[in-house]
Structures are given as C-alpha cells and as structure tokens.
Amino acid sequence: MTYTRKLKIKIMTAHSIFRALKQVGYVAPILAASVVGLGAIAPEAQASSLVPQQEGEVNVGLGNCLGGGCSYLTLDPTIESIVSLVDDSTGTQSRLFVDQAGTNNTYGAIQFLSTDIGTSDGSGDFWFRPVAMDATGDAPLVEDGQLEVGTFEFTFSKVLSDLTVNWFDTERAGGTSYTAFDSNGDEIASGTIATGPNGNVQETTLTGVKSIVLNLGERHGRTGDGVNFQVDGVAVPEPGLMMGLGAFVVAGGLGLRKRQGDSTAA
C-alpha cells in the first residue's frame with residue numbers, strides 16, 4: 001500500500017468519526033475543536049535515510065567543491081548543516097562525499113576506484129565517505145583520497161527523537177567515536193565504536209539529538225583505519241499534533257456523555 005493510500009484511509013476514518021459525533025448531538029464549539037483534531041492527524045513518522053541517494057561532494061565549509069563544473073549535493077532538510085572540524089589524527093580538516101561501491105569517481109585530485117583500497121562496501125548502498133585532506137583542503141593527504149578519516153559536526157533543523165548512525169569497517173580501537181548534544185547544547189551521549197572484522201557494520205541509536213560530532217577513523221603513518229557512515233533520523237512530533245489528537249479524544253468523550261444524558265432524560 002502506498003503512502004498516499006494510507007493517508008486517504010486515515011482521513012476517511014476521521015470523517016466517519018466526525019459524522020458519528022454529530023449524530024450524538026455534539027455541540028458546535030466542540031465540533032470546531034474536533035476539526036482541529038482532524039487536521040492534526042498524520043501518518044506515523046518512520047526513520048528515513050539522511051544520506052543523499054546520489055554520488056557527489058557534500059558542503060562542509062571548505063570553500064568550492066573539487067572538480068571542474070562541480071556542485072555540492074542537496075541535503076535532506078532535516079540536516080541544517082555539516083561542518084568539517086580539525087581531526088585529531090591528521091591535524092587537518094577533511095572533505096565529505098557520498099559514495100556507492102562499484103563505481104569510479106574523480107573529484108579533482110581525489111580518486112575513488114570501483115574496488116577501493118582499504119574501506120570498500122559491496123552492498124550497493126550510498127554512504128557518507130570522509131577524505132583526509134592536506135592543510136590546503138584541496139589535495140588528499142595520503143592514498144589518493146582513499147583514507148576515510150575526518151571529524152564532522154552535524155546540526156539538525158529539528159530535535160531528532162531517534163538518530164541511528166551506521167558505522168562501516170571500524171577496525172582500529174579508539175579511532176571512531178561520537179558526542180551528541182541536545183537543543184541546549186548540553187552533552188547527552190558519547191561513546192567509542194568497538195573494533196570488528198574487515199567490512200563490519202555497527203549501529204548506534206540515540207534519542208533527543210539536536211547535533212552530533214562524529215570522529216571517523218584514524219590516521220597512522222602513511223595509511224590508517226578508514227570508516228564510512230550512514231545517518232537515519234526521525235524528528236520529534238510537532239506539539240500541535242498531540243494537542244489536536246487530545247482535543248479530538250475529549251470531544252468524543254463529551255459527545256458520549258451528552259448522548260447518555262439525553263437517553264436518561266427520555
């Protein structure tokens with residue numbers, strides 16, 4: 001069943017309840033309140049991927065994108081901004097891309113091969129992919145841009161009731177971590193991702209997140225532990241939704257009591 005059909009079913013059901021309330025002698029002011037409740041009914045929120053479903057570069061505040069005639073990807077409206085921070089293991093800021101395994105991509109001096117050295121996901125999914133850069137931000141630090149190391153701050157346009165981060169190929173202890181903050185800027189969660197075998201995928205789910213700093217991978221010498229990631233999120237419901245549903249429930253209760261009162265009088 002498609003999303004549109006589900007929405008129509010919910011509206012039809014609401015109208016049926018509306019007519020039932022009228023049949024039990026429901027008074028006009030409460031009818032108006034029930035209309036507000038009807039308008040507030042919406043499909044249940046579900047987690048959705050915040051990774052753009054196409055390959056390209058993401059704007060993280062490092063000036064122009066890389067490559068001739070390039071443009072930055074459009075982000076999901078849930079993401080307000082992504083900012084590249086100085087990474088502890090590289091001492092520089094990193095660029096961020098969206099990549100799908102099995103394709104060749106060139107962004108200036110950065111080369112993604114169809115089969116990459118180090119980190120390479122074969123699922124066909126799209127992943128955020130950091131690239132360790134030199135101090136200029138225009139040239140890759142090592143491995144022709146295939147060292148997936150970087151630190152980024154994600155700020156969301158709304159508080160997320162659920163935020164899930166999928167970590168791909170974390171193989172070095174202590175190299176990948178996160179710190180999450182609420183709408184007041186207070187830290188609400190932090191952690192370090194455990195190591196796993198080559199190609200492992202791990203998942204972290206957090207609640208009440210307004211922003212999060214992701215420290216991905218770690219450089220050591222001329223190479224390092226590269227980590228790709230995905231982000232899924234669900235926004236906290238608008239206050240009007242719960243108020244509207246509450247008014248609708250109260251309306252039903254009052255209408256029922258009026259009908260019972262009329263029956264007693266008769």
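The values are calculated or read from the model by the stated rules, or taken from the named source; none is laboratory data. What you see is a predicted model; the values in this text were computed from it and never measured. Cβ atoms come from the backbone with ideal geometry, glycine included; neighbour counts cover every protein chain shown.
Out of everything in the stretch 46-97 that is assigned to a loop (DSSP other than H, G, I, E, B) and acidic (Asp, Glu), what residue ends up being nearest to Leu163 (Cα to Cα)? In this case the residue turns out to be Asp76.
One line per residue, one yes/no per condition, for (1) more than 19 Å from Gly56 (Cα to Cα); (2) touching a helix residue (DSSP H, G or I) at 6+ places or on another chain (Cβ under 8 Å); (3) in a strand (DSSP E or B):
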| residue | (1), (2), (3) |
| --- | --- |
| Ser114 | no, no, no |
| Pro130 | no, no, yes |
| Ala135 | yes, no, no |
| Phe154 | no, no, yes |
| Thr164 | yes, no, yes |
| Trp167 | yes, no, yes |
| Thr179 | yes, no, yes |
| Gly185 | yes, no, no |
| Gln202 | yes, no, yes |
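Of all residue pairs spaced 6 or more apart or on separate chains, those with beta-carbon atoms under 6 Å, a first member in the stretch 125-139 that is assigned by TED's automatic domain parsing to the domain that holds Gly150 and closer than 15 Å to Leu85 by Cα and a second member that is assigned to a loop (DSSP other than H, G, I, E, B) and hydroxyl-bearing (Ser, Thr, Tyr) are Ala132/Thr90; Met133/Thr92; Ala135/Thr92. Remark: pairs (first residue in the stretch 87-104, closer than 18 Å to Gly137 by Cβ; second residue surrounded by fewer than 17 Cβ atoms within 10 Å (Cβ to Cβ) and among the hydrophobic types (A, V, I, L, M, F, W, C); Cβ separation under 6 Å; 6+ apart in sequence or on different chains) = Thr92/Ala135; Gln93/Val86.
So in the stretch 211-230, with the set limited to residues that are within 20 Å of the chain's Cα centre (by Cα) and surrounded by fewer than 22 Cβ atoms within 10 Å (Cβ to Cβ), which one is modelled with the lowest pLDDT? Step through it out loud before you land on a result.
Quick first cut of the stretch 211-230, residues within 20 Å of the chain's Cα centre (by Cα) only: 211-216, 227-230.
Next, only the ones that are surrounded by fewer than 22 Cβ atoms within 10 Å (Cβ to Cβ) stay: 211, 213, 230.
Working: Ser211: 97, Val213: 97, Gln230: 88.
In this case the residue turns out to be Gln230.
Considering only residues of the stretch 146-160 that are modelled with pLDDT of 95 or more and among the polar types (S, T, N, Q), which is surrounded by the most Cβ atoms within 10 Å (Cβ to Cβ)? The residue in question is Thr151.
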